[in-house]
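A short write-up of the structure that comes next.
The values are calculated or read from the model by the stated rules, or taken from the named source; none is laboratory data. Note that this is a predicted model, so its numbers are computed, not measured. Ligands, DNA and RNA are excluded from the accessible area calculation, which covers all protein heavy atoms including side chains. Shrake-Rupley method; radii C 1.70, N 1.55, O 1.52, S 1.80 Å.
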Amino acid sequence: MSTETIHQSATLTRLRTENDAWVFRTPRIEDGIRIHELIASCPPLDENSSYCNFLQSSHFNKTCILAEHKGSVAGFISGYLKPEAPNELFVWQVAVSPEARGKGLAYHMLQELLMREHLVDVSVVETTITGSNKGSWSLFRKLDAACGEQGEVTVFLDEEQHFKGRHDTEFLFRIPLK
């Protein structure tokens with residue numbers, strides 16, 4: 001058994017041996033406002049409009065995942081299949097509530113999402129990350145390590161060229177899956 005598999009098993013055990021079970025599910029439209037509140041509690045994530053979160057939990061819910069613990073929203077990943085490359089999943093945001101951090105929840109949600117039957121043909125995961133977002137770098141480097149460290153990082157949106165100094169550079173992390 002590889003070190004990665006052992007670590008994944010330990011993470012799953014931690015999540016499943018809590019007093020109350022974790023629930024990982026497809027979000028529903030009625031989750032939109034709770035998703036919006038979760039993202040608001042997770043700087044440095046960009047707060048989109050609540051309308052955006054309602055669209056994610058309805059139109060794009062098959063490529064999103066919600067984690068609940070003790071009846072509260074503990075985590076959320078939003079993503080979509082790229083229209084020009086339907087075998088590529090773009091992960092838009094990963095949010096973990098402050099109370100649920102340090103338990104491997106983000107990685108577990110990502111694994112649960114990628115195991116969905118309608119995503120079996122996904123061969124690449126992409127995301128964008130600002131340089132200072134240590135949590136996201138850690139999460140996606142972990143995924144890259146589990147997939148053979150073939151990921152590539154390039155500039156996607158430049159702080160000056162694209163954002164005119166109003167937002168940090170967004171780096172594109174492209175990870176081929178095994």
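Less than 5 angstrom separates the built amide H of ALA74 from those of ALA67, GLU68, HIS69, all sequence-distant by 5 or more or on a different chain.
Summarising the amide proton neighbourhood of VAL155: residues at separation of 5 or more, or on other chains, whose placed amide H is nearer than 5 Å comprise LEU172. Taking a ≥ b ≥ c as the square roots of the eigenvalues of the Cα gyration tensor, segment 105-178 is prolate, since a/c reaches 1.5 or more and a/b is larger than b/c. Here segment 86-152 exposes an accessible surface that is 48 percent carbon and sulfur, computed with a 1.4 Å probe and the other protein chains kept in place. Near the amide H of THR130, within less than 5 Å, lie the amide hydrogens of PHE171, all on another chain or at least 5 residues away, with H placed in the peptide plane.
The phi torsions of segment 143-148, fed into the Karplus equation with coefficients 6.51, -1.76 and 1.60 and a -60° offset, translate into couplings of 4, 4, 4, 5, 10, x Hz, rounded to whole numbers, with Gly and Pro shown as x. Coupling constants for segment 111-122 follow from the phi torsions by the Karplus curve (6.51 cos²θ - 1.76 cosθ + 1.60, θ = phi - 60°), and in residue order they are 4, 4, 4, 5, 8, 5, 4, 6, 10, 5, 8, 5 Hz; glycine and proline get x. Of the solvent-accessible surface of segment 31-81, computed with a 1.4 Å probe over protein heavy atoms with every protein chain present, carbon and sulfur atoms account for 56 percent. Rolling a 1.4 Å probe over the heavy atoms of the protein chains gives segment 78-123 an accessible area of 47 Å² per residue. Note on LYS178: lysines with a C-alpha under 29 Å away, same-chain residues under 8 apart excluded, are LYS62, LYS82, LYS103, LYS134, LYS142. Per residue, the average separation of C-alpha pairs within less than 8 Å and at least 6 apart gives the chain a relative contact order of 17 percent. Sorted into 10 angstrom bins from 0, the C-alpha pair distances of the chain split as 9, 37, 40, 13, 1 percent.
Helical runs (DSSP H, four residues minimum) scored at -39500 (n - 2.57) apiece and divided by the length of the chain put the mean residue ellipticity at 222 nm at -9000 deg cm²/dmol.
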